[in-house]
1. Among Ser243, Ser64, which comes first, second and so on when ranked by fewest other beta-carbon atoms within 10 Å?
2. Once the principal axes of the Cα atoms of region 171-317 are found, what is the range along each, listed largest first in whole angstroms?
3. Just going by the charge dipole of the chain, with Lys and Arg at +1 and Asp and Glu at -1 on Cβ, which of Ala216, His172, Leu50 is farthest out on the positive end?
4. Could you give the size of the charge dipole of region 1-141 about its Cα centre, using +1 on the Cβ of each K and R and -1 on the Cβ of each D and E, expressed in debye and rounded to the nearest 20?
5. Determine one quarter of the surface area of the Cα convex hull of region 252-337, which equals its mean projected area, and express it in nm² to one decimal.
6. With viscosity set to 0.692 mPa s at 37 °C, what whole-number translational diffusion coefficient in µm²/s follows for region 2-70 from Stokes-Einstein and a Kirkwood radius over Cα pairs?
7. By count of other Cβ within 10 Å, fewest leading, how are Thr155, Thr312 ordered?
8. On the principal axes of its Cα set, how long, how wide and how thick is region 37-146? Give whole Å, largest value first.
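Every number here is computed from the coordinates shown, using simple stated rules; none is lab data. Fair warning: this is a prediction, and the values are worked out from it, not measured in the lab. FYI the Cβ positions are ideal-geometry reconstructions off the backbone, even for glycines, and counts take in every protein chain you see.
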Amino acid sequence: MHVTHALPLAPMTTLGVGGPAAVLAELHDPADFPDFAALAATRPGPPVVLGEGSNVLAADAGCSPAVLRMATKGVRVTGTGPDDTLLLEVQAGHPLGDLVALTIAEGLTGMEMLTGIPGTTGATPVQNVGAYGQEVADTLRHVTAWDWHLGREVTLDAAACRLGHRTSLFKHSRRWTLLTLAFALRRSALSTPVVYGAVAAELGVPRGTRVPLAEAARAVLTVRRGKGMVLDPHAPDRRSVGSVFLSPEVTPSQATALRAHDAPVNRFPDGSTRVSAGWLIQHSGLALGTPITKGVRVSTVHPTLVADDGATATAFAHAIDLVRTHVLHHTGVHLTSEIDFLGDWPDRATTEGP
Ligand SMILES: Cc1cc2nc3c(=O)[nH]c(=O)nc-3n(C[C@H](O)[C@H](O)[C@H](O)COP(=O)(O)OP(=O)(O)OC[C@H]3O[C@@H](n4cnc5c(N)ncnc54)[C@H](O)[C@@H]3O)c2cc1C
């Protein structure tokens, strides 16, 4: 375990903002976790976990609780299940992209549409990561986690994780540090049915078609690149957290009114009806590239917020508030932020302790 003091968080997040972590431990070997628990006990509050920092806004003031940067890696087959499934156990710090690539290479379906999503596997249940018709809830079987409340390791099955639309038991809670994740993936050379129009068009197939895994992943990646939804160190919109806002749930009357304006309103696996946050942002008059606060603007390729030189976490948080107010005023729909406020935010609800 590598421990540092007063290390800036900015370079460890994809937005590139945020002050220093008072104490940060990088965990490579799961056997070192008890050492981290001892270190965390010397700091105020329960620790904060950081993966690849692709869904967080780290405070300019930094972070006074201990920060655990999860860098444990490894995937192992632990058994087989019904319907020709293979059970995989994955270390929490394992890059999701590497896991997805492995499943495709091994002829396992269930994750191919998650190609191009940055971050660690351990962060995926936190907001039930998903895209293009697949989400972690489809394949997750159980997790092991350190429960800071009980002071011991626990195993939680998928139902106990309460995975919902970009949410779970773990969202906005610091009670659990996820250590390993168990997935069940079905052996198949073909993908799950292609449900997104843009991906189907890229493949030149009707919706509902199943295609070879690698072809599905390639098409998803092309569609994602077109929307700036793949991290690219050379792109002008590279300082991103993906979608800043959740697709908000709408009432039946709002759905009817929005559909009359050709808004993308869709039913989600949890039974909710939601409208695209990006559509709302653009149709409330915030065009691509619009500056919002100092160093923060709407991306030039997708209606989400990105950072430039001069951005601070405070300016980014302020931009979130301004966009939310603007969209509410113009559309009557309330946007909720999808990203996590990490560290010492004096006037914001950050993740709760146990
Ligand atoms: C370009 C881009 C595209 C994206 N596209 C998508 C998308 O299509 N779909 C989607 O769902 N998301 C998307 N995201 C968001 C992001 O990639 C995911 O939320 C990802 O799971 C975050 O992983 P991370 O390791 O970077 O987590 P971090 O950003 O480091 O952490 C996110 C949250 O999870 C917590 N956390 C992390 N690891 C653990 C752990 N081991 N135990 C407990 N808590 C933990 C953190 O404390 C924090 O609250 C995108 C982001 C970017 C930048």
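1. Details: Ser243 22, Ser64 17.
Listed from fewest to most nearby Cβ atoms, that is Ser64, Ser243.
2. 49, 43, 37
3. Towards the positive end, the residue furthest out is Ala216.
4. Details: 5 positive and 14 negative charges, 87 e Å.
Using Cβ point charges on Lys, Arg, Asp and Glu, region 1-141 gives about 420 debye.
5. 6.0
6. Numbers: Rh = 11.9 Å.
So the translational diffusion coefficient is about 276 µm²/s.
7. Working: Thr155 12, Thr312 19.
Listing Thr155, Thr312 from fewest to most nearby Cβ atoms yields Thr155, Thr312.
8. 48, 28, 19
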